1. Listing GLU239, GLU205 from the residue with the fewest other Cβ atoms within 10 Å to the one with the most, what is the order?
2. What does the net charge come to around VAL289 if you take all other residues with beta carbon closer than 10 Å to its beta carbon, with K and R at +1 and D and E at -1?
3. Where the only charges are on Cβ atoms (+1 Lys, Arg; -1 Asp, Glu), what is the dipole of segment 79-223 about its Cα centre, to the nearest 20 debye?
4. Mind listing the long-range amide H neighbours of LYS82? Cut-off is under 5 Å, sequence gap 5 or more, other chains count too, H placed in the peptide plane at 1.01 Å from N.
5. As a quick test, which of the pairs LYS49/LYS146; LYS39/LYS82; LYS97/LYS214; LYS97/LYS249; LYS39/LYS97 have an alpha carbon distance above 21 angstrom in this structure?
6. Only Cα pairs within less than 10 Å get springs; with that Gaussian network setup on the chain, which residue of GLY213, GLY89, GLY24 has the largest fluctuation?
7. Return the calculated 222 nm mean residue ellipticity for the chain, to the nearest 500 deg cm²/dmol, obtained by summing -39500 (n - 2.57) across DSSP H runs with n ≥ 4 and dividing by the residue count.
Amino acid sequence: MTIYNFGSINLDHLYQLDHFVRPGETMASNSYQCLLGGKGANQSVALAKAGARVKHVGAIHHNDHGIIKQLAALGVDTDLIKQIDVPTGHAIIQLNKEAENSIILYQGANHALTEEQVDQVLSQAMAGDWVLLQNETNLIEYTMRKAQEYGVKVAFNPAPMDAELTKRVLGFVDLLIVNEVEAMDLIGTSDIDSAIAAFPKAYPELAVLITLGKAGVCYFTGKKSTEKKSTGKKSTGEEKLFVKAFSVKAVDTTAAGDTFIGFCLASLMNGDDITQSITRACAASAICVTRLGAASSIPTQDEVTAFLAKKS
Ligand code: ADP
């Protein structure tokens, strides 16, 4: 079983600062790192580290072939990454003392995907394979429609959130994964409890994972849930599960969601049930937030197994 991740690849320029730069302010930074990032690449790395067979689909500038080496060394299949004459996507990340981040994103080559490339990739896919998408690449709707045509399941993490696009494509989605802010945006409220209460009524068909930061994760089975199909369980669309996050000292929450998604999907593809998958993903993302960086802070399978053994 393969997961095709149509995802962004960014170079993350990371600055640690006392506070975010204010309007009109110029601030010197003593700390600078250039790291591999982008939600897509992070999720591919998390999937690979979690043991899934992941093919990353995307593009970078042809001068940045070091990225290919780095992804391949982490276990990601890079054959479907094009090297083109468009700047690699990048992010300028400010990280403050409270471990919050503030990010400028330049999409670059992440928006250079063509319909021809999508068709070519999906024609290789087999029934039971998955397509994963975030909202940092182009042709989201086209890719989902094609995935459905080829009988491939679709997981969607609509980040950064575009509520209009997301609502339009939900019919193609088998598993939606959103964080608190994205969940509130989709429901149109600024209160997370109201968003959680409203979700299964607004989207009864949909299997949804809502990650709630240090609080944990909420899951709605939805009427077309993958798990339900395999267990034969009947759903009212109201079935709900809550898994608490692990208590750790967070230093940088960058890539927490990406780590969660990679480990959760890898577990599900491995045949684990949804509770086991969420728990394992919570452990992986708890480790991730104790470390600085994006892709580099994603733990290995062994680290997650050891963490869970210590907590039980
Ligand atoms: P995103 O990074 O997309 O905003 P979240 O902040 O919801 O996503 O984090 C994803 C998951 O990472 C959470 O569901 C939780 O399991 C874990 N996590 C995030 N922050 C913490 C934290 N401070 N302590 C422990 N686990 C955390």
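1. Details: GLU239 18, GLU205 14.
Going from least to most buried by this count: GLU205, GLU239.
2. Working: positive: LYS214, LYS249, ARG291; negative: ASP252.
Charge balance near VAL289 sits at +2.
3. On the way: 10 positive and 20 negative charges, 58 e Å.
For segment 79-223, the charge dipole is close to 280 debye.
4. Under 5 Å from the amide H of LYS82: GLY58, ALA59, ILE60.
5. Working: LYS49/LYS146 28 Å; LYS39/LYS82 17 Å; LYS97/LYS214 18 Å; LYS97/LYS249 13 Å; LYS39/LYS97 23 Å.
The answer is LYS49/LYS146; LYS39/LYS97.
6. Of the options given, GLY24 has the highest mean-square fluctuation.
7. Numbers: 11 runs with 110 residues, N = 312.
Helix-only estimate at 222 nm: -10500 deg cm²/dmol.
Throughout, read-outs are computed from the coordinates displayed, never taken from laboratory work. Because the structure is a prediction, the values reported are computed rather than measured. Because the Cβ atoms are built from the backbone with ideal geometry, glycine has one as well, and the counts that use them run over all protein chains shown.
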